[in-house]
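Only the coordinates and a few stated rules stand behind these numbers; no lab work does. Everything numeric in this text was worked out from a predicted model, so none of it was measured. Cβ placement follows ideal geometry from the backbone for every residue including glycine, while neighbour counts extend to all protein chains displayed.
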Amino acid sequence: MSTNNLRHDWTLSEISALLDSPLMDLILQAQTLHRQYFVPNHIQISALLSIKTGACPEDCGYCSQSAKHNTDLELERLLPKEQVVAAATQARANGAHRFCMGAAWRNPTDTNLERVLELITAVKDLGMETCVTLGMLTAPQALRLKAAGLDYYNHNLDTSPEFYPQVITTRTYQDRLETLTHVRTAGIKICSGGILGLGESRTDRASLLQQLSNLPQHPDSVPINLLVKVAGTPLAQTPDLDPIELVRVIAAARILMPASHIRLSAGRHNMSDELQALCFLAGSNSVFYGDRLLTTANSTVDHDQNLFTRLGLTHETVINKQHLTPRACSR
Ligand code: SAM
Ligand code: DTB
Ligand code: SF4
């Protein structure tokens, strides 16, 4: 199948019908499509580093880094290049081939951006793919990131347009879509997904998937985060999402965006190995890898290496700055 067959006109009722369908049918359809687009049993792994932590002026209700919430977080200014390179080198030694750097900004100033460009160059020199998530971007900023060789920009839609105002009030849905337009126009690959377990309904989850799959191009990478409840945030007391719902959303994302990497993202730390295996069966083929996410714990590297071995999953590594890449098959 070629990527020309990808659809960008999914209706809400079609997506809701997928989410409502019997789980085994949904998983079978997702895994069948997965094998038409990707090498089976292969996952992409990205390491994360918070390069500027906390004191963010946005009010995202789930986030430990918002200055509006009373969380117990140690603030950090933009890290020096040596510290970032050391972290990327360690991530590469652990087996990660993409390094994703996150900054708690509403948007980068041009001075901030200048420093991030240096970090991108330094990480690329290690032979790793680069991803950054810096908040909103202008069109010229996106072009500068592209010129520095940035591979991916992460900017999530987070939830449905309908539920969004209950989670974030300081930045609009439209702002997010505009940043994605600037990133796409600059020719940078898009990483965009959302968070589940915020108290949204199944219809909200369908609506988020509709927004993502009806973008002019499907995001290359779609992170599906499960809320990590952080004490002091407005969403800390939200009831747990039924884990089967996470599996359904992953399977639906795989069906709607068959050529995209679907990343099982935040929340793996609290998931059983069996739930993660079900998510991989449902079409997830990417994870954040490393003992930490941005400010919270992730599944440990030891645990993941053991899990990948038990499941027979393989991934790319970087050796002598050369990518060994069994790539997606028909993209
Ligand atoms: N400040 C930038 C922004 O918001 O675009 C980048 C960093 S932000 C932490 C990246 C994404 O991480 C958010 O959009 C959200 O989807 C996810 N995230 C943040 N806190 C989370 C939490 N407590 N649980 C799950 N996902 C979370
Ligand atoms: C994404 O979708 N998830 C990552 C990454 N993009 C930047 C961040 C998860 C953050 C989880 C909470 C924390 O560690 O602060
Ligand atoms: Fe700031 Fe990003 Fe956290 Fe929102 S998710 S408060 S923008 S760091």
**Report entry** Size of the range 1-123 as Cα extents on the principal axes (Å, biggest first)
**Finding:** 48, 36, 28
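Give the shape of the range 15-312 as rounded, prolate or oblate, defined through the alpha-carbon gyration tensor: a ≥ b ≥ c are the square roots of its eigenvalues, a/c under 1.5 means rounded, and otherwise the shape is prolate if a/b is larger than b/c and oblate if not.
Verdict is rounded for the range 15-312.
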Query raised in the report: About its Cα centre, what dipole magnitude does the range 15-312 give when the only charges are +1 on Lys and Arg Cβ and -1 on Asp and Glu Cβ, stated in debye to the nearest 20?
Result: 580
Requested in this report: Give, in nm to one decimal, the length gained when the segment between E162 and E118 is fully stretched (0.36 nm per residue of separation minus the Cα-Cα distance).
Outcome: 12.0 nm
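Let me spell out the model: positive unit charges on the Cβ of Lys and Arg, negative unit charges on the Cβ of Asp and Glu, origin at the Cα centre of the range 113-194. What dipole size does that give, in debye rounded to 20?
140
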Report summary line: The FRET efficiency for K229 and T170, from their Cβ-Cβ distance with R0 = 22 Å and rounded to 0.05, is 0.55
**Report entry** For S50, distant residues with modelled amide H under 5 Å away
**Finding:** G102
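Relative contact order for the chain using alpha-carbon pairs under 8 Å, separation at least 6, rounded to a whole percent?
Once normalised by length, the contact order is 27 percent.
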Query - Test item: Cα-centred dipole of the range 1-158, Lys/Arg +1 and Asp/Glu -1 on Cβ, debye - result: 440
Query raised in the report: Okay, helix-only estimate at 222 nm for the chain: each DSSP H run of n ≥ 4 adds -39500 (n - 2.57), divide by all residues, round to 500 deg cm²/dmol; what do you get?
Result: -11500 deg cm²/dmol
**Report entry** Charge dipole of the chain about the Cα centre (unit charges at C-beta), most positive-ward option of Y152, A55, T32
**Finding:** Y152
Requested in this report: Name the long-range amide H neighbours of L226: under 5 Å, sequence gap of 5 or more, or other chain; modelled H, no Pro or chain starts.
Outcome: L196, S265, A266, G267
Report summary line: Calc'd 3J(HN,Hα), the range 110-117, phi into Karplus 6.51 cos²θ - 1.76 cosθ + 1.60 (θ = phi - 60°), Hz, glycine/Pro = x, comes to 5, 5, 4, 4, 3, 5, 5, 4
Report task. Figure the gain on full extension for D9 and T300 (residue separation times 0.36 nm, minus the Cα-Cα span) and round it to one decimal in nm. Result -> 100.9 nm
